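Enquirer: For reference, the structure I am asking about is given below.
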């Protein structure tokens with residue numbers, strides 16, 4: 001079995017409520033092993049013999065029914081999450097000021113040049129992530145990724161904790 005972390009986009013913000021107990025119950029219904037959640041922002045840890053793509057689609061389908069809305073899900077293995085934390089190009093900065101924006105596939109080569117509203121933020125491309133340093137804080141940022149680039153962000157403190165918790169699922 002592979003340990004996975006599923007990162008849900010835009011839950012428990014802007015009126016889109018999802019109780020983490022409901023998310024855990026959905027994982028149980030889908031037959032995922034040892035499901036647990038971390039903080040109320042849509043982080044699910046579990047193990048499965050299914051592929052990463054398959055678990056993401058199953059979760060998206062079940063969440064669409066449960067929430068009556070599309071909820072993109074970005075899945076990483078435990079080892080991928082550990083690697084994302086380790087390869088953070090802004091590792092000298094506080095974890096609360098650096099985020100990884102998780103994408104389904106490789107970031108487009110043009111993403112940095114086409115990102116709008118950049119003030120003091122710095123961007124770096126990862127494998128399937130965009131790392132962003134927010135020196136003035138995420139909440140003050142007006143940065144907007146180009147149209148069509150859909151992802152979900154987690155700060156590096158959360159990324160590191162998810163990598164640690166995922167080891168317990170393996």
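The values are calculated or read from the model by the stated rules, or taken from the named source; none is laboratory data. Keep in mind the model is a prediction, meaning the values are calculated, not measured. Ideal geometry is used to build each Cβ from the backbone, glycine not excepted, and the neighbour counts take in all protein chains shown.
Enquirer: Considering the range 136-170 alone, what residues qualify as being in contact with a strand residue (DSSP E or B) (Cβ under 9 Å, 6 or more places away or on another chain), under 22 Å from residue 107 (Cα atoms) and assigned to a loop (DSSP other than H, G, I, E, B)?
Expert: Residues satisfying the conditions are 141, 142, 143, 145, 146, 149, 150.
Enquirer: Can I ask one more? Condition check: over 14 Å from the mean Cα position of the chain (by Cα), at pLDDT below 95 and not in a strand (DSSP E or B). Does residue 27 satisfy that?
Expert: Spelling it out, it is not the case that residue 27 is over 14 Å from the mean Cα position of the chain (by Cα), at pLDDT below 95 and not in a strand (DSSP E or B).
Conditions tested, residue by residue: (1) touching a helix residue (DSSP H, G or I) at 6+ places or on another chain (Cβ under 8 Å); (2) exposed (fewer than 14 other Cβ atoms within 10 Å of the Cβ); (3) touching a residue at least 24 places away in the same chain (Cβ under 8 Å); (4) assigned to a loop (DSSP other than H, G, I, E, B).
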| site | (1), (2), (3), (4) |
| --- | --- |
| 60 | no, no, no, no |
| 66 | yes, no, yes, no |
| 70 | yes, yes, no, yes |
| 75 | yes, no, yes, no |
| 84 | yes, no, yes, no |
| 100 | yes, no, yes, no |
| 105 | no, yes, no, yes |
| 118 | no, no, yes, yes |
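Enquirer: Next question, about the same structure. Can you name the residue in the range 39-58 that is modelled with pLDDT of 95 or more and in a loop (DSSP other than H, G, I, E, B) and, of all such residues, is surrounded by the most Cβ atoms within 10 Å (Cβ to Cβ)?
Expert: 50
Enquirer: Additional query: Applying the selection to the range 120-163, what residues are closer than 17 Å to residue 41 by Cβ and without any contact (Cβ under 8 Å) to a residue 12 or more places away in the chain?
Expert: Within the range 120-163, just 139 meets the criteria.
Enquirer: What number of residues in the range 128-143 are within 7 Å of residue 97 (Cα to Cα) and surrounded by 17 or more Cβ atoms within 10 Å (Cβ to Cβ)?
Expert: Total meeting the criteria: 2.
Enquirer: Checking residue 75 against (1) in contact with a strand residue (DSSP E or B) (Cβ under 6 Å, 6 or more places away or on another chain); (2) farther than 28 Å from residue 166 by Cβ, only one condition comes out false. Which one?
Expert: (2)
Enquirer: Only one of (1) within 18 Å of the chain's Cα centre (by Cα); (2) modelled with pLDDT of 95 or more is not met by residue 121, so which one is it?
Expert: (1)
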